[in-house]
Amino acid sequence: MNNPFYFGNEVYSDDFCNRVDELGELRQDVASGLNILLYAPRRFGKTSLLKKLQNDLQHDKNTKVIFFDWFSVATIEEFIEKYFHAIAYAFESKSDKVVKLFKEVLQIRPNITMKLSQTNDISYGLSFTKKELEATFEDIVNLPYQYAKKTDTKVVVIFDEFQEVEQFDIEKKLRTIIQTHSRDVSYIFSGSKKSILNSMFNDKGRAFYKSVKHNIIKEIKLDDWVAFANDKFAKTDKSITNKQIEHIFHITDGFPYYMQQLLYLVWDIAQKSVQDEDIIKALELMYEREYDLYAYIYSSITPNQKITLKYIVEFDGINLYSNENLGQTTLSASTLKSTLESLMKKDICDRLGDKYYLVDPFMRYWLKEK
C-alpha cells in the first residue's frame, strides 16, 4: 500500500491541506487588480499555495497565469530567455500559435527560437545582441500587459523567490515598467527571505516601496491537520489519535513540509495503530538524515552565532534580551542583536513578534544533542 503522505515537491489535489481562506483572498485581490507581496518561511507551503492558485485561476478562460521562479536566474540574459518561455507557455499551447502571437500580434522584435528536448518538450527563447539587451528586457517585461490589452484577458504574473532580484541592478527598471500595467496585470511577488523582502518593499529608498498589499501565510490550524491526518490514516486502514497528531504538530511548529514528512515516516513505521514510540523513532530518523546539512550550516557560522542558536533553543526564543536570560550566556545585548540579525539574513532563524525561532524546526533537536 502506498504511503498517503507526500513531501519534497509542491503538493496538489488530495495532498494539499486547507489554505481555503488564503486562496480566496488571493483570488479576490488579483481580480481587483492588486499587486501582492506574499511572504512565508522556507518549507511553509508557499510555492504549493501559489501553484494551487495558478491551477484554480487557469480554469477561467479569460485569465492567463505566468509562473516564474527567480531562484534559477543567474544573469539578465537568462531572465529574458526563461521569462519569455514562461510567458509563451502560459499564453499558447501550440508552437505555431506562439510564433504567430508574438510576431504578428505583439510584434516582438528579436528572433524567436525553439528547442526540442529529449522528452519532446519545446523550449522558447530569443536571439538578440548585447546592444538589444535593454530594449529586449523592456519588451519582454511589457508582454503580459500588451497581451492583456490586445486580447481583453486578465493576466496574473507570479514571481516566486523574488528576493533574488536584489543581485541584479534592475529593481528601478522593473518597477518603472510594471507600474504602467495598472489593473490589467496583477503581480504576486513571493519569497522566503523576510529581511530582504522587507527592505525591498518597506524602505523609502527602494523602487518597490509601498507598491503592494502585504500577505503573510500563517500556519495551518491544528484542527485542519487533525482532520487531514485522520482521513489519510483511515483510508489506508491505519489509525492515529488526535493527541498524537497534536504532538507531531508541536514538534514541527505546524510547518506543512515537516508535518507531511514526519507523518510520512510515522505512517511507514506504524503497524495498524500509531504508538507514541513510533513518533520518537520517526523524529530521530528525520534529524539523523539531515545531519550533514545541519553540520554544514553549523560549521559555516561564527562562534557567537553558534552560541546564539543554542541560546534560542534553550529559551524557546522568548525573552532573549532579558537580563536574567542574558546572564546565563556569554553574549552581551549588542552582540546578541548583531548575531540575530546575521542569522536572519542567512535564513537560519527568523522572528515572529517577540519570539525567535529556527527556520528548520528539526535543527533544534540536532543542537540539543551537541
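The values are calculated or read from the model by the stated rules, or taken from the named source; none is laboratory data. These numbers come from a predicted model, not from an experiment. Using ideal geometry, Cβ is built from the backbone for each residue, glycine included, and neighbour counts are taken over all protein chains shown. Note: areas computed on protein heavy atoms with side chains; ligands, DNA, RNA excluded. Shrake-Rupley method; radii C 1.70, N 1.55, O 1.52, S 1.80 Å.
Residues in the stretch 197-223 that are open to solvent by less than 70 Å² (accessible area, probe 1.4 Å) and touching a residue at least 40 places away in the same chain (Cβ under 8 Å) were compared, and the one that is farthest from the chain's Cα centre (by Cα) is Ser211. Of all residues in the stretch 335-364, exactly one satisfies the criterion of being of a type in the set (Phe, Trp, Tyr) and either open to solvent by 70 Å² or more (accessible area, probe 1.4 Å) or outside any strand (DSSP E or B) (or both), namely Phe362. Within the stretch 226-258, restricting attention to residues that are in a helix (DSSP H, G or I) and within 20 Å of the chain's Cα centre (by Cα), which residue is surrounded by the fewest Cβ atoms within 10 Å (Cβ to Cβ)? That would be Tyr257. So, of the residues in the stretch 316-334 that are crowded, with 16+ Cβ neighbours inside 10 Å and without any contact (Cβ under 8 Å) to a residue 40 or more places away in the chain, which turns out to be nearest to Asp360 (Cα to Cα)? The extreme case among them is Leu320. With respect to (1) touching a residue at least 40 places away in the same chain (Cβ under 8 Å); (2) in contact with a helix residue (DSSP H, G or I) (Cβ under 7 Å, 6 or more places away or on another chain), the lone exception for Ser182 is condition (2).
Scoring Asp21 on the criteria (1) over 23 Å from Leu352 (Cβ atoms); (2) without any contact (Cβ under 8 Å) to a residue 12 or more places away in the chain; (3) in a helix (DSSP H, G or I) leaves a single failure, condition (1). For the stretch 33-43, indicate whether the set of residues that are farther than 17 Å from Ser186 by Cα and in contact with a Lys or Arg (Cβ under 7 Å, 6 or more places away or on another chain) is non-empty. For the stretch 33-43, residues farther than 17 Å from Ser186 by Cα and in contact with a Lys or Arg (Cβ under 7 Å, 6 or more places away or on another chain): present.
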